[in-house]
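Peer 1: Attaching a single structure in C-alpha coordinates format; questions to follow.
The values are calculated or read from the model by the stated rules, or taken from the named source; none is laboratory data. Being a predicted model, the structure only gives us computed values, none of them experimental. Cβ placement follows ideal geometry from the backbone for every residue including glycine, while neighbour counts extend to all protein chains displayed.
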Amino acid sequence: TVRVFGKGSKERICPIGKPAVDAIHRYRNQARVFEGPLFVSKLRERLSTRGISDVIRKYHDLSGIPVNVSPHKLRHSFATHLLDNGADLRSVQTLLGHASLSTTQIYTHVSIERMKQVYDEAHPRA
(Lines give C-alpha, C1' and ligand atoms only; values in the text may rest on other atoms or scores of the structure.)
Protein backbone atom coordinates (compact mmCIF):
# COMPACT_ATOMS: atom_id res chain seq x y z
CA THR A 1 0.00 0.00 0.00
CA VAL A 2 0.96 3.64 -0.37
CA ARG A 3 -0.10 6.64 1.66
CA VAL A 4 -1.53 9.39 -0.53
CA PHE A 5 -2.04 13.01 0.48
CA GLY A 6 -4.85 14.51 -1.59
CA LYS A 7 -6.47 17.91 -1.75
CA GLY A 8 -6.62 19.66 1.58
CA SER A 9 -3.87 17.33 2.86
CA LYS A 10 -6.44 14.55 3.22
CA GLU A 11 -4.62 11.28 3.74
CA ARG A 12 -5.69 7.90 2.37
CA ILE A 13 -4.13 4.48 1.92
CA CYS A 14 -4.23 2.91 -1.54
CA PRO A 15 -3.30 -0.62 -2.54
CA ILE A 16 -0.79 -1.08 -5.35
CA GLY A 17 0.26 -4.17 -7.26
CA LYS A 18 3.64 -5.88 -7.43
CA PRO A 19 4.65 -4.24 -10.76
CA ALA A 20 4.12 -0.80 -9.19
CA VAL A 21 5.96 -1.79 -6.01
CA ASP A 22 8.91 -3.03 -8.09
CA ALA A 23 8.93 0.19 -10.15
CA ILE A 24 8.86 2.28 -6.96
CA HIS A 25 11.82 0.35 -5.54
CA ARG A 26 13.81 0.88 -8.75
CA TYR A 27 12.90 4.59 -8.77
CA ARG A 28 13.79 5.07 -5.09
CA ASN A 29 17.18 3.40 -5.59
CA GLN A 30 17.96 5.36 -8.74
CA ALA A 31 16.76 8.69 -7.28
CA ARG A 32 18.31 7.87 -3.91
CA VAL A 33 15.01 8.60 -2.16
CA PHE A 34 14.79 6.27 0.83
CA GLU A 35 12.30 8.04 3.09
CA GLY A 36 9.75 10.83 3.01
CA PRO A 37 7.88 11.90 -0.12
CA LEU A 38 8.13 9.53 -3.06
CA PHE A 39 8.42 12.15 -5.80
CA VAL A 40 10.90 14.91 -5.07
CA SER A 41 12.35 17.88 -6.91
CA LYS A 42 16.03 18.47 -7.60
CA LEU A 43 16.08 20.28 -4.26
CA ARG A 44 14.81 17.05 -2.61
CA GLU A 45 11.46 18.64 -1.75
CA ARG A 46 8.01 17.16 -2.35
CA LEU A 47 6.97 17.75 -5.98
CA SER A 48 4.14 20.22 -6.39
CA THR A 49 1.07 19.53 -8.51
CA ARG A 50 2.69 21.61 -11.24
CA GLY A 51 5.91 19.63 -10.88
CA ILE A 52 4.04 16.35 -11.38
CA SER A 53 2.35 17.77 -14.49
CA ASP A 54 5.71 18.90 -15.86
CA VAL A 55 7.25 15.44 -15.36
CA ILE A 56 4.30 13.73 -17.06
CA ARG A 57 4.46 16.21 -19.95
CA LYS A 58 8.22 15.66 -20.34
CA TYR A 59 7.96 11.87 -20.53
CA HIS A 60 4.84 12.03 -22.68
CA ASP A 61 6.69 14.19 -25.20
CA LEU A 62 9.64 11.78 -25.19
CA SER A 63 7.36 8.76 -25.64
CA GLY A 64 5.85 9.83 -28.94
CA ILE A 65 2.41 8.64 -27.78
CA PRO A 66 -0.08 10.50 -29.99
CA VAL A 67 -2.74 10.89 -27.27
CA ASN A 68 -2.55 13.81 -24.83
CA VAL A 69 -1.79 12.75 -21.27
CA SER A 70 -2.25 14.69 -18.04
CA PRO A 71 -2.58 13.79 -14.36
CA HIS A 72 -6.34 14.31 -14.68
CA LYS A 73 -6.58 11.98 -17.69
CA LEU A 74 -4.53 9.33 -15.90
CA ARG A 75 -6.82 9.59 -12.88
CA HIS A 76 -9.89 9.44 -15.11
CA SER A 77 -8.51 6.35 -16.89
CA PHE A 78 -7.78 4.72 -13.54
CA ALA A 79 -11.39 5.17 -12.41
CA THR A 80 -12.84 4.14 -15.76
CA HIS A 81 -10.77 0.94 -15.91
CA LEU A 82 -11.90 0.01 -12.41
CA LEU A 83 -15.56 0.62 -13.21
CA ASP A 84 -15.38 -1.11 -16.60
CA ASN A 85 -13.96 -4.18 -14.90
CA GLY A 86 -16.65 -4.43 -12.24
CA ALA A 87 -15.38 -2.37 -9.30
CA ASP A 88 -18.17 -0.97 -7.16
CA LEU A 89 -18.66 2.78 -7.07
CA ARG A 90 -18.04 3.07 -3.32
CA SER A 91 -14.60 1.43 -3.61
CA VAL A 92 -13.65 3.69 -6.51
CA GLN A 93 -14.78 6.68 -4.45
CA THR A 94 -12.44 5.65 -1.63
CA LEU A 95 -9.51 5.00 -3.97
CA LEU A 96 -9.94 8.42 -5.59
CA GLY A 97 -10.37 10.17 -2.25
CA HIS A 98 -13.72 11.72 -3.15
CA ALA A 99 -15.72 13.00 -0.20
CA SER A 100 -18.97 12.69 -2.16
CA LEU A 101 -20.18 9.69 -4.13
CA SER A 102 -21.77 12.09 -6.63
CA THR A 103 -18.28 13.25 -7.64
CA THR A 104 -17.30 9.65 -8.41
CA GLN A 105 -20.54 9.09 -10.35
CA ILE A 106 -19.19 11.43 -13.04
CA TYR A 107 -16.99 8.51 -14.13
CA THR A 108 -19.96 6.16 -14.53
CA HIS A 109 -21.08 8.03 -17.64
CA VAL A 110 -17.93 6.91 -19.41
CA SER A 111 -18.49 3.38 -18.15
CA ILE A 112 -22.09 3.33 -19.38
CA GLU A 113 -20.94 4.60 -22.78
CA ARG A 114 -18.41 1.78 -22.88
CA MET A 115 -21.14 -0.75 -22.07
CA LYS A 116 -23.29 0.64 -24.90
CA GLN A 117 -20.34 0.34 -27.27
CA VAL A 118 -19.69 -3.27 -26.26
CA TYR A 119 -23.38 -4.08 -26.61
CA ASP A 120 -23.62 -2.49 -30.07
CA GLU A 121 -20.49 -4.29 -31.26
CA ALA A 122 -21.20 -7.71 -29.76
CA HIS A 123 -24.95 -8.30 -29.67
CA PRO A 124 -26.36 -9.82 -32.88
CA ARG A 125 -29.65 -7.90 -32.61
CA ALA A 126 -28.32 -4.56 -31.37
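Peer 1: Among the residues of the stretch 109-125, which ones are more than 21 Å from residue 71 (Cβ to Cβ) and of a type outside the set (Asp, Glu)?
Peer 2: 112, 114, 115, 116, 117, 118, 119, 122, 123, 124, 125
Residues checked against (1) at pLDDT below 90; (2) out of contact with any His (no Cβ under 9 Å at 6 or more places or on another chain); (3) not hydrophobic (A, V, I, L, M, F, W, C):
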residue: 45; (1), (2), (3): no, yes, yes
residue: 56; (1), (2), (3): no, yes, no
residue: 61; (1), (2), (3): no, yes, yes
residue: 69; (1), (2), (3): no, no, no
residue: 77; (1), (2), (3): no, yes, yes
residue: 86; (1), (2), (3): yes, yes, yes
residue: 97; (1), (2), (3): no, yes, yes
residue: 101; (1), (2), (3): no, yes, no
residue: 105; (1), (2), (3): no, yes, yes
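Peer 1: Can you pull out the residues in the stretch 1-35 that are over 23 Å from residue 92 (Cβ atoms) and not in a loop (DSSP other than H, G, I, E, B)? Working first, answer last.
Peer 2: Step one: filter the stretch 1-35 for residues over 23 Å from residue 92 (Cβ atoms), giving 22, 25-35.
Within the stretch 1-35, 22, 25, 26, 27, 28, 29, 30, 31 qualify.
Peer 1: Scan the stretch 46-78 for residues that are touching a helix residue (DSSP H, G or I) at 6+ places or on another chain (Cβ under 9 Å), surrounded by 12 or more Cβ atoms within 10 Å (Cβ to Cβ) and outside any helix (DSSP H, G or I) and jot them down.
Peer 2: Once the filter is applied, which keeps residues that are touching a helix residue (DSSP H, G or I) at 6+ places or on another chain (Cβ under 9 Å), surrounded by 12 or more Cβ atoms within 10 Å (Cβ to Cβ) and outside any helix (DSSP H, G or I), the stretch 46-78 yields 47, 69, 70.
Peer 1: Determine whether residue 43 is in contact with a helix residue (DSSP H, G or I) (Cβ under 9 Å, 6 or more places away or on another chain), closer than 27 Å to residue 8 by Cα and either without any contact (Cβ under 8 Å) to a residue 40 or more places away in the chain or acidic (Asp, Glu) (or both). Explain how you work it out, then say what you get.
Peer 2: Working: in contact with a helix residue (DSSP H, G or I) (Cβ under 9 Å, 6 or more places away or on another chain): no; closer than 27 Å to residue 8 by Cα: yes; either without any contact (Cβ under 8 Å) to a residue 40 or more places away in the chain or acidic (Asp, Glu) (or both): yes.
Spelling it out, it is not the case that residue 43 is in contact with a helix residue (DSSP H, G or I) (Cβ under 9 Å, 6 or more places away or on another chain), closer than 27 Å to residue 8 by Cα and either without any contact (Cβ under 8 Å) to a residue 40 or more places away in the chain or acidic (Asp, Glu) (or both).
Peer 1: Another question, then. Being surrounded by 10 or more Cβ atoms within 10 Å (Cβ to Cβ), among the charged types (D, E, K, R) and without any contact (Cβ under 8 Å) to a residue 40 or more places away in the chain is the filter here, so list the residues in the stretch 12-25 that pass it.
Peer 2: The one that is surrounded by 10 or more Cβ atoms within 10 Å (Cβ to Cβ), among the charged types (D, E, K, R) and without any contact (Cβ under 8 Å) to a residue 40 or more places away in the chain: 22.
Peer 1: Of the residues 94, 104, only one is touching a residue at least 40 places away in the same chain (Cβ under 8 Å) and either surrounded by 10 or more Cβ atoms within 10 Å (Cβ to Cβ) or closer than 30 Å to residue 9 by Cβ (or both); which? Let's see the steps before the verdict.
Peer 2: On the way: 104 fails: touching a residue at least 40 places away in the same chain (Cβ under 8 Å).
Going through 94, 104 in turn, the sole match is 94.
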